[in-house]
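Trainee: After the structure tokens below, expect a handful of questions from me.
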Amino acid sequence: MPYKFTFDISKAPHHFFAEIAVASYQRGVHKVFLKTLQDLIRKFRIQEATGLNIQDAVVLIQDLIDIQASNLMLRKSFLQTKKRALFLPHCSRKYMDSRCKAVFDTSIPSYICGHCSPDCEVNKADQFAKQQGYDVYVLPGGSCVPKILKAHKYEGVVGVACGEEVKMSLDLLKSMNVRAQSVPLLKNGCSNTVFNIDTLIKTL
Ligand code: SF4
Ligand code: SF4
């Protein structure tokens, strides 16, 4: 499920994400207070940068903090996993039309990147992850995840998606005893979306 709002925080300063990380440590101890969220939103002018109203901005920042907290909690056990997969969102492909040379294989179900563009983030992520021994899937939606997990019995999964999709998949992965790490999209909208490739590389 996509968010009901669009956002772009891909240009947010580095120390914004550092403060998200700090808040996520606190999140391990207690729920982050609304005031903390509102302070972050005010300090980094998230509403001005994204055009979001305060309720949507709170949802977005809370999700980023929750995802980071989940990553921290599961990091150690994720690092112990051997059989791993990377799930990438199809919306981060450089092209969403016929210029994208990925082929969708319904039997998997996943797009198979055709490596048409060296600057495509999905291409970069695909190549790096495969070098690290990951199986890579480029998914049109979270509904593909259960079929893949049932077929392959992965121990660890790294997923890139918008916060809503990440949170839904985390529940499923937990129920199947798969250790997960997530990289949230910094720009949503279901096409031309953006994630931080450096964050993904560190996570892998
Ligand atoms: S590099 Fe791969 S995912 Fe990106 S546009 Fe080309 S075929 Fe599609
Ligand atoms: S932004 Fe991407 S990951 Fe999120 S719902 Fe849309 S297509 Fe899926």
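The values are calculated or read from the model by the stated rules, or taken from the named source; none is laboratory data. All values reported here derive from a predicted model rather than from experimental measurement. Note that we place each Cβ from the backbone using ideal geometry, even for glycine, and neighbour counts take in every protein chain shown. For accessibility, only protein heavy atoms count, side chains too; no ligands or nucleic acids. Shrake-Rupley method; radii C 1.70, N 1.55, O 1.52, S 1.80 Å.
Trainee: If the cut-off is 22 Å between C-alpha atoms, which lysines fall inside it for K130, apart from same-chain ones fewer than 8 positions away?
Mentor: K76, K82, K83, K94, K101, K147, K150, K153, K202
Trainee: Estimate the FRET efficiency between I201 and D171 by the formula 1/(1 + (r/R0)^6), using the beta-carbon distance for r and 25 Å for R0, to the nearest 0.05.
Mentor: With a Förster radius of 25 Å, E is 0.45.
Trainee: Moving on. Output the relative contact order of the stretch 84-204, whole-number percent, from Cα pairs under 8 angstrom with separation of 6+ residues.
Mentor: 31 percent
Trainee: Based on alpha-carbon centroids, what's the gap between the stretch 149-175 and the stretch 64-85 in Å, whole number please?
Mentor: After rounding, the separation between the Cα centres reads 11 Å.
Trainee: Could you work out what % of the accessible surface of the chain is carbon and sulfur, using a 1.4 angstrom probe and leaving DNA, RNA and ligands out of the count?
Mentor: The value for the chain is 56 percent carbon and sulfur by accessible area.
Trainee: Okay, next question. Would you mind calculating the gained length between S98 and Q80 on full extension (0.36 nm times residue separation, minus the Cα-Cα distance), in nm to one decimal?
Mentor: Length difference between fully extended and current span is 2.5 nm.
Trainee: Averaged per residue, what accessible surface does the chain expose to a 1.4 Å probe, in Å²?
Mentor: Normalised by residue count, the accessible surface of the chain is 53 Å².
Trainee: Something else now. Give me the percent relative contact order of the chain, please, defined on Cα pairs under 8 angstrom at least 6 residues apart.
Mentor: With pairs under 8 Å counted, the relative contact order is 27 percent.
Trainee: Quick query: amide H of V183 versus all other amide H atoms, modeled in the peptide plane; which residues come in under 5 Å with a sequence gap of 5 or more or a different chain?
Mentor: So V183 has HN proximity to G159, V160, A161.
Trainee: So, one more: How high is the relative contact order of the stretch 50-115, in percent, counting Cα pairs under 8 Å that sit 6 or more residues apart?
Mentor: Worked out over the stretch 50-115, it gives 15 percent.
Trainee: Can you tally the net charge around P146? Count Lys and Arg as +1, Asp and Glu as -1, for every other residue whose Cβ sits under 15 Å from the Cβ of P146.
Mentor: +2
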